[in-house]
1. Out of the GluC sites (Glu not before Pro) in the stretch 16-106, which ones are loop residues according to DSSP with at most 12 other C-beta atoms within 10 Å?
2. Give the value in nm², to one decimal: projected area of the alpha carbon convex hull of the stretch 1-148, averaged over all directions.
3. Share of antiparallel DSSP beta bridges in the chain, in percent to the nearest 5?
4. Using just the Cα positions, wrap the chain in a convex hull and report its mean projected area in square nanometres, one decimal place.
5. Might you tell me the accessible area per residue for the stretch 353-400, computed with a 1.4 Å probe and given in Å²?
6. Can you give me the solvent accessible area of Lys257 with a 1.4 Å probe, rounded to the nearest 10 Å²?
7. Leaving out same-chain residues fewer than 8 places away, which aspartates and glutamates sit with a Cα under 14 Å from that of Lys131?
8. Could you calculate the FRET efficiency of Asp286 with Asp132 from 1/(1 + (r/R0)^6), where r is the beta carbon distance between them and R0 is 25 Å, rounded to 0.05?
Amino acid sequence: MYDVVIIGGGITGASIAYELSKYKLKVALVEKENDVACVTTKANSGIVHAGYDPKPGTIMAKLNVLGSKMYKELAPLFHVHYSNIGSLVVGRKEDEAKVLELYQRGLENKVEDMAILRGEEIFKIEPNLNKDISIALYAKSAAVVSPWEMCLAFAENAVRNGVKLYLSFKVTSIKKERDSFFVESSGTILKTKMIINAAGLYADEIYNMVLDNKEDGFTIVPVKGDYYLLDKEEGKNVNHVIFQTPTKLGKGVLVSKTCHGNLIVGPNAITIEDKEDFGVDEKSLDYIRNMANLTTNKINYRNNIRNFSGLRAKILNYDDFLIGESKVKGFINFAGIKSPGLSAAPAFGPYAKEILEGMGVKFVKNEDFKITPLPKFFKDMSIDEIEEKIKENELYGRIICRCETVSEGEIVDSLHRPIPCLSIDAVKRRCNAGMGRCQGGFCGPKILEIMVRELHVTPKDVLQDKDGSNIVLEYTKGGLAHEEI
Ligand SMILES: Cc1cc2nc3c(=O)[nH]c(=O)nc-3n(C[C@H](O)[C@H](O)[C@H](O)COP(=O)(O)OP(=O)(O)OC[C@H]3O[C@@H](n4cnc5c(N)ncnc54)[C@H](O)[C@@H]3O)c2cc1C
């Protein structure tokens with residue numbers, strides 16, 4: 001019997017699992033996909049917001065500001081790519097009042113290190129912005145981070161410290177009998193005292209599984225945001241995260257350097273019905289380019305390397321995170337985790353602990369708890385470190401992904417870490433192979449061969465991403481040169 005089953009292996013569930021692994025509790029983390037960080041956590045802007053945007057007094061405001069502070073310490077500890085580049089909310093004359101209002105809101109939310117910049121002060125630090133911009137709210141504490149690396153760091157550390165991870169475990173029913181829940185997926189049943197619902201877009205459906213009266217539930221509507229991800233050449237255009245003055249429609253289209261030095265432009269916000277619709281359409285891309293042109297007209301969109309979209313899990317008619325023990329005793333919701341959920345994520349774990357303490361759970365320290373950082377990327381190592389690594393293992397001397405300088409040693413390591421790595425995209429999330437200019441065009445087939453060799457599978461077993469996305473459909477033994485690798 002588990003003490004806690006956490007449903008959802010995005011950054012919310014992973015952060016909570018990590019925190020609980022510091023204590024002597026029996027915890028399971030279950031995820032419907034074949035890897036963690038596979039849904040909203042992998043498709044967002046990657047910004048650690050400073051915290052001036054959420055309404056004062058909301059859970060969102062409190063956890064955003066706290067989470068943002070926690071990143072500063074945690075990201076380097078985990079070797080997660082994070083860069084405290086700061087953000088600017090830019091506006092024109094007509095936006096003055098709104099920008100100053102945001103500044104005030106930031107003060108109320110206790111955001112540190114903010115300033116209002118005007119005229120030349122702005123162009124001194126951001127020379128490529130359009131010259132009709134006259135005011136900016138500068139928030140030094142804002143940062144950019146790799147969301148999937150952070151999620152992996154939480155999840156891997158949780159697993160190393162005793163949390164049991166179930167992948168490809170889609171919860172299809174939950175039954176409650178007296179003080180226990182029975183969580184089911186394809187015939188496997190986990191018995192647990194408590195459940196934490198961190199199922200993102202499906203948190204409403206998971207909650208409905210335990211409700212007698214569905215009217216006590218909530219509805220999640222997906223709000224889609226599309227993006228351009230551009231080559232590192234374009235990353236040089238800006239030094240900070242540049243937001244436009246928010247409107248009723250949201251934070252607007254941002255232009256930012258990513259933590260790996262690319263340029264990200266987007267998102268828009270369109271309410272849709274289908275929680276699995278990740279398509280990117282031309283109309284949205286035109287809108288994004290037109291909006292971003294109001295910030296800077298220096299971007300060369302011919303250097304685009306990928307478009308993608310992410311879905312925000314918005315609760316209908318509710319504008320905060322919905323966090324806490326629900327009407328069903330022992331069942332905790334972490335629902336409606338839309339933006340700034342990534343920024344707040346490090347604070348979710350301690351917050352979940354507080355809730356569980358309030359429910360009477362006793363926390364006894366796990367004396368064996370230890371943090372293991374993610375392996376350092378080859379491209380971040382010094383020459384001495386590289387030489388040392390190659391001496392240890394010659395596979396580090398073979399570059400497989402030329403765009404991102406990822407060695408075979410890193411790919412092999414990714415395949416043997418605590419969380420099974422079963423797809424080319426899972427390798428990408430672990431070591432950046434395929435993330436660059438050619439988007440896996442050159443290294444994809446080589447990675448497939450390495451996976452075949454290391455995982456003792458056939459090429460037909462290797463997935464691009466989700467279950468069913470097999471790359472090779474027909475294969476004759478000897479058809480691949482993987483023995484030569
Ligand atoms: C366009 C966009 C831009 C954003 N930009 C930012 C930003 O810059 N900064 C910021 O702070 N926030 C941002 N966010 C918000 C942030 O991405 C989310 O708050 C965060 O990723 C939510 O993580 P999560 O773990 O709650 O959800 P998810 O990552 O979606 O994880 C939920 C998990 O639950 C699993 N699951 C669902 N149903 C089941 C089931 N039946 N059984 C088992 N598992 C199940 C899913 O497969 C999924 O892996 C953005 C969001 C979007 C969409």
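The values are calculated or read from the model by the stated rules, or taken from the named source; none is laboratory data. Source: prediction; values computed, not measured. Cβ: placed from backbone, ideal geometry, glycine included. Neighbour counts: every protein chain shown. Each accessible area value is taken on the protein alone, full model and side chains, heavy atoms only, with ligands, DNA and RNA left out. Shrake-Rupley method; radii C 1.70, N 1.55, O 1.52, S 1.80 Å.
1. none
2. For the Cα atoms of the stretch 1-148, the hull's average projected area reads 11.1 nm².
3. 75
4. 24.0
5. Spelled out: the 1.4 Å probe surface of the stretch 353-400, per residue, equals 70 Å².
6. Rounded to the nearest 10, the figure is 50 Å².
7. Glu120, Glu121
8. After rounding, the FRET efficiency stands at 0.70.
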